[in-house]
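The structure appears below as structure tokens.
The values are calculated or read from the model by the stated rules, or taken from the named source; none is laboratory data. Here the structure is a predicted model, which means the values were calculated and not measured. Quick reminder, even Gly has a Cβ in these numbers, built from the backbone with ideal geometry, and neighbours come from all protein chains shown.
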Amino acid sequence: MGLTVEDDPEPTQNRFIRSDQYSFVAQGIPALHIKYGNKTADGKNNLSEQVQVWRAKYYHKPQDDINGVFDFEAGKKYAQLNFLIGYQIANQVQRPTWNPGNFFGQAKKAPQP
């Protein structure tokens, strides 16, 4: 898909443990938190800066709407990536597991049905 993996541009925000998938992780269930990177279409690689401005001005405020700020092509690629990951996992015989010794893999696991 032409995507790369980047370091978290805001590691101090601890987004992995503040996001929707974390309730699964807390039960020992492997889950991903895929976020946008810092690369922008204009090549300036300043998306993190742009998002910080957007969060301060619009996020969870009445003026937060989709007009003018949403990159639909990037959204399409994001949806495709998430679908393909889920599709590949669903077609595996074995369920995903944490790497041995991983902190999150040590969490209390929910009972299996």
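Points worth noting:
- Qualifying residues in the range 21-57 (those that are among the aromatic types (Phe, Trp, Tyr) and either in a helix (DSSP H, G or I) or modelled with pLDDT of 85 or more (or both)) - the one farthest from the chain's Cα centre (by Cα): Trp54
- Verdict on Asp71 being of a type in the set (D, E, K, R) and closer than 22 Å to Met1 by Cα: yes
- The residue list Tyr87, Tyr78 contains one member that is exposed (fewer than 12 other Cβ atoms within 10 Å of the Cβ) and among the hydroxyl-bearing types (Ser, Thr, Tyr), which is Tyr87.
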